[in-house]
Amino acid sequence: MKFSKEEIRENVMVPSSVEMELTRLVEEKLNQCGIFYRVFSRIKKASSLERKYNDKEYDNDKKIQDLIGLRINLYFKEDVDIVKGLMENLFALEGEWAEKQVDTTSFEPIKTNGVFRLPEYLCTKISSATWDMAIDKTFEIQLKTMFFEGWHEVEHDMRYKNKQLWARYESYSRRFNSIVATLELCDNAMIDLLEDFAYKLYKNSDWEGMLRMHFRIRLSEQKLYDELIPVLADNEKRIGKALFKFSRRHLIEILSSFYRDIPISVNMIVAIINDRVIQDPQVKEICRKHRVYHDGISEIAIEKTRRTLKKMTSYPVYNNKVTIDYANYNKKHAFEKATKIIYFWVRDKFNPVFGNIPKEVSSIDLKDNGYSAKVDYREDSIEIDTLHIDDDVAGRMWNTKAQLYIDGDVIRLEVSNFLIDINEITDDERVNNFSGPSFYSRICNDDEIRVRDVQKFKDYAKIIKGDKNPEDALYDLILNPNRFSPVVLIVYERQDEDEFDKSWLGNYWSSNLARWVRYYAHVYESDTRDASKLSEILDGETTLKEGVYLFLQTDDPEMVSYYSRDDIVNWKQVPGENGVTLSKSTEGCDAFMNDLVRKIKKNNIK
């Protein structure tokens, strides 16, 4: 794919808040560990993206992965591997870290690059058209040492961009390389110097100085507690040696696991090592008395002073678009019936909060702390937008939106549920919270009105058999561009003239599946017959194969998924892999049903 600068400017829009949030997350983690660093960030400009498109071929299989880039410059070479681990714990790494291999005769900057998945709540802030430009939902983190960073800026502009010029003057290139070699020595020499100094201080029983030089992290100016000095002097070989031998990397990993950023001091280091290795009761009591893990401040006070506000992000957890079936009644009656079901859901739910919601269907716009209920009622439409605090989970709210309106001869209903949280919610967590408002199921179960998606929903599997081509309705449903809900087609070998061979799957498997996904998916059963019209979306296959087909929306690039009989019978589900599982089964047909239902639900929370 090739795009002009104007096309890029028009479609690729990344707010600076995305770059700032990624930087904040990284800096917060590194500060928590006391690592010496500098972070730089950038969003690729249109001109840079245009050059990328011209230099390489990008498409749906190979996408640009560094639309947003962070560079972390580290003061100590040993921190590169440590920070790699910290970043992997903070973000989802895509593939492996890439590090340029340099032979013994070359001197070039050693830089390590990792590509990470952008948090979903940040993806929603970026223009949706961006993802149609062969750009992946990822960002890049580059790690370098400060010594090489300083050289790299010069080398990139002066030598890399003028390769032919330098090739004609090899003596200058050799001199340049010798300087780079010196910088590499500086990286190693600085660590060696500080570690040698730490050993000298250890031998001289200068415990505070030894801790500062040996661990080489940002520490507060707080002095070693007076009460600790004689304890360390009396137990030099046991306690002092254990402090000096404790791994710097291990200390940083411990600090990274703390639930909040606590000011780090030499006293905290002593407490951490004592709690995990030494177990000296005197040291433990001294540190407890000083409340070392709270920097001498009570837990309540420090939480009040250090707590920062977090922005809440909205995540869709239910989405459905259907029409009201009023074949046995007139359109006006069906609309009024559905309108009352929706309105009284709002009234019953929110009247305990507001206390003044009218008993007759009306337009309302009410707000209170943490709650809102808005109803826009007109002659041919009703629209609701409600918000309420979660009863069980702190920092969470729920937002329900719905539209019921008359569109010519059709009554349309659109329903959405959103989970709003201060924390990032993964796709699996969203599936675990998949739920529609109860008024939708009431409309679906009403005796006078029902819902349909091109065809009616059923809570049982529709069977296709015989010679009258009843499958035409199924094909029309699957290929209908107006279809919103997924379609599941279960295919069996024919056992005899009237029966399917369901022995491998179970006689009630299809019925159970249909009940699980009623009102947001269609379930059909068939024998292995001519694929007919469907062959055009089954890669030319002329016959339906035994197994299960899943058809998503017609505009979905991965519309068709096929699972063979062997796939299903031998299906394995790793406990906990998908969050909260839907049954106790982790193998076989029931395990497959769990994952199939989750995939259908995930399709309905886009």
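The values are calculated or read from the model by the stated rules, or taken from the named source; none is laboratory data. Since the structure is predicted, the reported quantities are computational estimates derived from the model, not experimental observations. Cβ coordinates were reconstructed from backbone atoms using ideal geometry, including for glycine residues, and neighbour counts include every protein chain displayed.
Would you mind stating whether residue 440 is more than 33 Å from the chain's Cα centre (by Cα) and either outside any strand (DSSP E or B) or not assigned by TED's automatic domain parsing to the domain that holds residue 120 (or both)?
no
Looking only at residues in the stretch 218-249 that are over 22 Å from residue 288 (Cβ atoms) and touching a helix residue (DSSP H, G or I) at 6+ places or on another chain (Cβ under 7 Å), the one that is surrounded by the fewest Cβ atoms within 10 Å (Cβ to Cβ) is 249. Within the stretch 420-440, the residues that satisfy the criterion of being under 27 Å from residue 345 (Cα atoms) and of a type in the set (Asp, Glu) are 421, 429.
Name the single residue that is surrounded by the most Cβ atoms within 10 Å (Cβ to Cβ) among those in the stretch 443-458 being part of a loop (DSSP other than H, G, I, E, B) and touching a residue at least 12 places away in the same chain (Cβ under 8 Å). The residue in question is 449. Figure legend. Inter-residue proximity from the stretch 552-567: first residues in contact (Cβ under 8 Å) with a residue 12 or more places away in the chain and assigned by TED's automatic domain parsing to the domain that holds residue 479, second residues part of a strand (DSSP E or B) and of a type outside the set (A, V, I, L, M, F, W, C), beta-carbon distance below 6 Å, spacing 6+ or different chains. Indicated pairs: 562/549; 563/547; 564/547; 565/547. Among the numbered criteria (1) small (Gly, Ala, Ser); (2) crowded, with 18+ Cβ neighbours inside 10 Å; (3) modelled with pLDDT under 80, which single criterion is violated by residue 461? It fails just one condition, (3). Residues that are assigned to a loop (DSSP other than H, G, I, E, B) and crowded, with 16+ Cβ neighbours inside 10 Å within the stretch 413-437 comprise 425, 433, 434, 436, 437, listed in sequence order.
In the set (1) under 33 Å from the mean Cα position of the chain (by Cα); (2) modelled with pLDDT under 90; (3) not in a loop (DSSP other than H, G, I, E, B), residue 150 fails one condition alone, (1).
Could you check how many residues of the stretch 473-506 are in a loop (DSSP other than H, G, I, E, B) and over 30 Å from residue 443 (Cα atoms)? Full working, then the answer.
Going through the stretch 473-506, the residues in a loop (DSSP other than H, G, I, E, B) turn out to be 480-486, 493, 495-499, 501-506.
The next check asks that each one be over 30 Å from residue 443 (Cα atoms); those that pass are 493, 495-499, 501-506.
The number of residues fulfilling the criteria is 12.
The lone criterion from (1) on the phi < 0 side of the Ramachandran plot; (2) surrounded by fewer than 16 Cβ atoms within 10 Å (Cβ to Cβ) left unmet by residue 355 is number (1). Please find, among 35, 72, 8, 82, the residue that is at pLDDT 85 or above, among the hydrophobic types (A, V, I, L, M, F, W, C) and assigned to a loop (DSSP other than H, G, I, E, B). So the residue among 35, 72, 8, 82 that is at pLDDT 85 or above, among the hydrophobic types (A, V, I, L, M, F, W, C) and assigned to a loop (DSSP other than H, G, I, E, B) is 35.
Within the stretch 11-32, the set of residues being in contact (Cβ under 8 Å) with a residue 60 or more places away in the chain and either outside any loop (DSSP other than H, G, I, E, B) or charged (D, E, K, R) (or both) comprises 11, 17, 18, 21, 22, 25, 26, 28, 29, 31, 32.
Considering the stretch 47-69, and only residues there that are of a type outside the set (D, E, K, R) and assigned to a helix (DSSP H, G or I), the residue that is surrounded by the most Cβ atoms within 10 Å (Cβ to Cβ) turns out to be 49. Take the residues in the stretch 286-332 that are more than 30 Å from residue 602 (Cβ to Cβ) and among the aliphatic types (A, V, I, L, M), then tell me which one is modelled with the highest pLDDT. The extreme case among them is 286.
Pairs linking a residue in the stretch 340-355 that is modelled with pLDDT of 90 or more to a residue that is in a helix (DSSP H, G or I), with Cβ atoms under 6 Å and 6 or more positions apart or on different chains, are 341/439; 341/442; 341/443; 342/439; 345/439. Of all residues assigned to the stretch 521-539, at least one qualifies as being surrounded by fewer than 20 Cβ atoms within 10 Å (Cβ to Cβ), part of a helix (DSSP H, G or I) and of a type in the set (Asp, Glu).
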